Amino acid sequence: MIKKAFYLTLGLMLVSQLCAQGRAEYAPNAEFPFGRVHPDYKEQLKDFAPMIGICDCKMVGRNADQTWGDTIATVWEWRYVLNGTAVIDENWKPDGSVGSSMRQYKTDSAKWYVTYFAAPVAN
C-alpha cells in the first residue's frame with residue numbers, strides 16, 4: 001500500500017508539472033525511455049548524463065545506529081523528468097524497499113532543489 005501511494009504521489013507531481021508547462025517533448029517516451037535533457041538546462045544537467053539509464057549496483061547500507069552495514073545489491077535507474085528540466089533516480093533493493101531522489105535546478109535562484117522519497121518494505 002505504501003509503495004502504491006508513493007508512486008501515485010510521484011506520478012501526480014510529474015503530471016501536474018507537465019500540464020503546467022503545456023508540453024512534454026523531452027519527457028520519457030517510447031523513443032527516449034529515459035527522457036532527454038531540455039536544451040535550456042543542458043549545462044546544469046550535464047553532470048548527470050553518465051548516470052542516465054539502468055544499472056545493477058552494489059551499495060553499502062546504514063544501520064539504525066548510523067554505522068556502515070552490509071553491501072546490498074540494488075537496481076538504480078536515472079531519467080530526465082519534468083520535460084527535461086530535472087533528473088530522478090530510483091533504486092530498488094531485494095527486500096522490496098525503494099528510494100528515489102528528484103533533483104531540479106531552479107534558474108531564478110540558481111540553486112538545486114532535491115527531494116527524497118522512500119517506501120519501506122511492505123508487511
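Values for this structure:
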{"item": "Protein accessible area in segment 55-108, 1.4 Å probe - carbon and sulfur %", "result": "51 percent"}
{"item": "Rounded accessible area per residue of segment 41-94, 1.4 Å, Å²", "result": "59 Å²"}
{"item": "Contour minus Cα-Cα distance for Tyr116 and Arg62 (0.36 nm per residue)", "result": "17.8 nm"}
{"item": "Estimated dipole of segment 46-112 in Debye, rounded to 20 [Cβ of Lys and Arg +1, of Asp and Glu -1, Cα centre]", "result": "260 debye"}
{"item": "Heavy atoms of Arg36 accessible to a 1.4 Å probe, total area in Å² rounded to 10", "result": "80 Å²"}
{"item": "Straight-distance crosslink candidates among aspartates and glutamates, where the alpha carbon sits under 14 Å from Lys111 and sequence neighbours closer than 8 are dropped", "result": "Glu43"}
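The values are calculated or read from the model by the stated rules, or taken from the named source; none is laboratory data. Quick caveat, the model's predicted, so the values are computed rather than measured. Here Cβ is always computed from backbone atoms with ideal geometry, including for glycine, and neighbour counts include all displayed protein chains. Protein only, heavy atoms only, side chains kept; ligands, DNA and RNA dropped before computing areas. Shrake-Rupley method; radii C 1.70, N 1.55, O 1.52, S 1.80 Å.
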